[in-house]
1. Under 10 Å from the Cβ of A:P200, count the other residues' Cβ atoms, weight Lys and Arg +1, Asp and Glu -1, and hand me the total.
2. For B:R58, enumerate residues with amide H under 5 Å from its amide H, sequence gap 5+ or separate chain, H modeled in the peptide plane.
3. So what's the back-of-envelope 222 nm ellipticity for the protein assembly as shown, counting only DSSP H runs of four-plus at -39500 (n - 2.57) apiece and dividing by all residues, rounded to 500?
4. What does the average come to when, for each residue of peptide B:159-166, you count the partner chain Cβ atoms lying within 10 Å of its Cβ?
5. Mind checking B:55-61 for the average number of partner chain beta-carbons within 10 Å of each residue's beta-carbon?
6. Tell me, what HN-Hα J-couplings in whole Hz come from the Karplus equation 6.51 cos²θ - 1.76 cosθ + 1.60 at θ = phi - 60° for each residue of region B:118-124, using x for Gly and Pro?
7. Quick one: among B:P260, B:P52, B:P209, which has the greatest mean-square fluctuation in a GNM of chain B with alpha-carbon springs under 10 angstrom?
8. Contour minus end-to-end for A:K274 and A:Y8, with contour as 0.36 nm per residue of separation and end-to-end as the Cα-Cα distance?
Amino acid sequence: MGHGSYSYEAHETMTRARAELPRQEVFRQRRCHPLMEPQGVKWRESRDSEAHPQSLGIIFSLDVTGSMGDIPDMLARQRLPAFMKALLDAGIPDPQVLFMAVGDADSDHAPLQVGQFESSERQMDQWLTWSYLEGGGGPVGSESYELGMYFAARHTDLDCWRKRQRRGYFFMTGDERPYGYVSRLQVAQFIGDTLDQDLPVKQVVDELQRTYEPFFLIPDLARRRLCERDWRELLGDRVICMEDPSDTVEVAAGLVGLCEGAFPDLDALARHLKGQGLTRQRLGAVIRALTPFAATLGRDGVPRPPLEDEHLPTNDDNSGHRRIP
Amino acid sequence: MELQLLKCPGCGAKLPPPSAPNGILDCEYCGAMVSASGSAVWPRPARPADDPPFAPDRPRVTVAGTRYVLLGRLGRGDSSDVFLARRDARITEMVVLKVVRALSDADLVAREYELLEELHRGDAQGAEHFTRLLPQPVARGPVKDPEGTPRAAAVYRWSSGFQHSLTDVRDVYSSGVDPRAAVWMWKRLLEVLGFVHRSGYVHGAVLPPHLLVHPRDHGLMLVGWSSAMRFASRQPLPCTSARHRDFYPEALWNGDAPNPTTDLVMAARSIAWVLGGDPASGAVPGGVPPALADLLRQQCDVDHREVAYDAWQLKERVSLAARESFGEPKFIHFTMPGWR
């Protein structure tokens with residue numbers, strides 16, 4: 001897959017045409033689209049082609065439960081063209097995007113739906129709008145994010161990695177905690193793999209990060225408090241807390257731009273976004289969301305703190321505290 | 001049942017006894033998977049090599065089962081040393097590691113961590129915003145020093161840019177900062193304190209080394225929570241900082257229970273000090289406009305009849321005094337060495 005070329009204008013026209021349509025008209029699926037069934041899929045491939053010699057595989061794994069369905073909706077109506085344009089502007093010549101929809105394997109009919117890597121706006125949009133926004137979700141504060149990560153880790157093949165040793169990008173949106181294990185029963189039921197035992201989710205993340213740069217995007221500050229801590233244990237500074245879900249596109253494109261070195265630091269990214277006409281308020285929100293990860297890369301645009309070359313203290317020292325008896 | 005010593009058919013290394021007769025074993029040496037009967041071997045699949053370790057020359061320490069690379073010491077507090085560190089893995093996290101230097105103060109590290117967890121769990125108004133300006137707990141537990149002594153330690157998330165305490169600021173601006181900079185520092189501090197008080201806590205150690213500023217963004221974080229407590233408990237502070245006697249109201253120093261006003265007085269004293277003034281009296285240099293100087297002197301005196309008890313109200317008064325002194329608020333560039 002990954003044929004066809006990208007046209008921002010065509011994409012814009014397509015999304016603008018449906019800006020006013022109700023969600024049911026945009027997302028018409030009432031069950032999992034047969035082509036998005038992961039059952040029995042061996043590989044989803046992101047390949048170089050003549051038109052796209054420098055392919056870069058990007059996965060959007062979108063939580064479609066409850067209110068999280070707003071993000072795919074927003075992408076389909078208005079924001080996806082902006083994401084593609086931001087990537088092209090940032091000097092990523094041949095992005096190929098795959099959409100996954102994630103729900104809860106205990107309670108949803110279609111907890112995992114998987115599209116294909118695509119380069120052209122029409123096909124990308126087709127997979128996105130074929131997603132079935134089931135809107136269910138688990139009752140206990142967890143969703144089956146691990147199935148999406150498992151699929152990406154073991155059932156995708158990227159030329160950017162295979163030929164150029166460059167990792168693809170894996171963006172997952174969500175507002176709940178991960179399950180601790182990938183269940184072998186669910187993997188057999190929904191993907192068709194035979195596992196000897198359940199896989200700890202840590203191991204799945206470890207496999208995923210070998211070929212992808214994984215990120216977990218939390219839509220707003222209220223929902224951050226529900227799940228951030230658990231995700232940080234797994235993904236550290238790659239847990240990105242946004243202030244508004246409508247920033248998803250700028251944040252994701254900013255992450256790719258920072259990792260790929262298109263922007264030397266956050267200041268450069270801020271200048272770029274300002275040039276794109278982002279309001280001051282939203283610009284601030286995007287930069288705040290990206291700051292912790294940019295600090296990990298050393299690209300947060302602030303001087304490195306002065307550090308003394310010291311090891312942990314030894315012996316015992318007098319306390320500078322005065323205890324009140 | 002006869003015990004059989006298993007060897008990996010792949011490489012000949014010894015394998016531990018299987019936990020179940022039909023169990024699958026992983027050979028620790030070559031990574032192959034072996035069935036317990038030894039009849040089937042699946043060699044380790046080819047996979048990309050691990051990335052090289054980050055900063056291999058820097059020391060490693062382990063807290064609560066996670067290994068960190070110590071990047072260097074950020075500073076020294078009254079009883080702890082504070083380090084910048086990062087999780088020793090490709091999927092990493094920048095953290096601040098606080099390690100107790102005076103072993104008798106291990107309890108303070110623990111209570112600070114627990115109290116911050118409570119504050120983060122709380123749902124007082126503004127929690128979503130203000131919890132981002134508090135140290136964010138990651139892990140805690142003993143860490144072994146180079147001599148093998150376990151020391152109490154706590155791990156917090158690193159906040160990019162918040163790297164200068166007011167003590168550092170005063171070192172750079174030895175005759176005091178621009179009063180307009182002191183205004184934003186004071187206001188940011190009062191906002192955080194307003195949230196903390198609304199959550200039912202007092203900080204109890206609002207001292208220059210505990211106030212970290214972000215020069216470019218005019219941000220302020222409050223750290224050093226080891227004496228913080230619920231003020232409804234009416235208990236005295238667990239400890240005070242011997243080096244900062246002038247910043248404590250006298251009664252607090254002598255063992256009275258703290259309340260929101262004591263935090264506000266200590267805040268005003270810290271601001272007076274960073275302006276180049278005297279914390280105990282609140283007297284500031286002549287360059288500070290009178291409206292601001294008067295307000296500071298008033299708020300440094302815990303017995304003054306107009307001393308504030310509500311951080312938000314005091315913030316309004318600071319805004320008024322600033323408007324009177326400098327006119328409409330506007331952004332004034334503030335910098336520290338190394339910043340653009």
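The values are calculated or read from the model by the stated rules, or taken from the named source; none is laboratory data. None of these values were measured; they are calculated from a predicted model. Virtual Cβ from ideal backbone geometry, glycine too; neighbours counted across all protein chains shown. Quick note on the areas: whole protein, heavy atoms, side chains included, nothing else; ligands and nucleic acids left out. Shrake-Rupley method; radii C 1.70, N 1.55, O 1.52, S 1.80 Å.
1. -2
2. Close amide H contacts, sequence-distant or interchain: none at all.
3. -9500 deg cm²/dmol
4. 4
5. Averaged over the peptide's residues, the number is 1.
6. 4, 4, 5, 6, x, 10, 4
7. Looking only at B:P260, B:P52, B:P209, the largest GNM fluctuation is found for B:P52.
8. So the chain would gain 93.8 nm between A:K274 and A:Y8.
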